[in-house]
Each structure stands twice: as structure tokens, then as C-alpha cells.
Amino acid sequence: MQNIRSFFVIATAIALLAAAALLTASLTIAFMGTLAILSIGKMLSSKLKPVPVRAKNKQSDMRVWNDGRGTIIDM
């Protein structure tokens, strides 16, 4: 009787250990997949962004100032 009880306790412990290992492995794979999808999305979105171009006028004829009553734009 003692041997049968020991066998069931050991079998239950092995089953619980295997279930915990399976849960850990599946969560690890899910986390890695989520990180991979996010990193691929970030990589693709940075490639699709247009590069900003700075257009600068050599001589600015426009003057902007504030006289206290409002902003004045002199072209």
C-alpha cells in the first residue's frame, strides 16, 4: 500500500512539474512572438516615414513682431 501511494505522489509531482514547464515554455514563446511582432512593426514603420526636408529661404523679406495690441506680419 505504501508503494502504491508513493508512486501516485511521485507521478502527481512529475505531472505538476511537467505542466509548470509547459506553461513556462508557452508563455515564453508567446512573449517572444509579441516582441518580434512589435519590433518588426517598429522597423517597418520607421522605413515608411518620409524623411523631413528643411526648406530655407536665403533672404527673408517677412518681418513679424508684436506691438502689444496684436501680432504684425510685414511682407
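Listing for the model above:
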quantity	calculated
Among the residues listed as Ser46, Ser6, the single one being surrounded by 10 or more Cβ atoms within 10 Å (Cβ to Cβ) and among the hydroxyl-bearing types (Ser, Thr, Tyr)	Ser6
Test: Ile4 is more than 39 Å from the chain's Cα centre (by Cα) and modelled with pLDDT of 85 or more	yes
Selected residue (only one of Met1, Met32, Met62 is without any contact (Cβ under 8 Å) to a residue 40 or more places away in the chain, surrounded by 10 or more Cβ atoms within 10 Å (Cβ to Cβ) and hydrophobic (A, V, I, L, M, F, W, C))	Met32
Test: Met32 is modelled with pLDDT of 95 or more and under 21 Å from the mean Cα position of the chain (by Cα)	yes
Evaluation of Pro52 against (1) open to solvent by 100 Å² or more (accessible area, probe 1.4 Å); (2) assigned to a helix (DSSP H, G or I) (one fails), failing number	(2)
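The values are calculated or read from the model by the stated rules, or taken from the named source; none is laboratory data. As the structure is a prediction and not an experimental result, all values here were calculated from the model. Backbone-built Cβ (ideal geometry, glycine too); neighbour counts: all protein chains shown. Note: areas computed on protein heavy atoms with side chains; ligands, DNA, RNA excluded. Shrake-Rupley method; radii C 1.70, N 1.55, O 1.52, S 1.80 Å.
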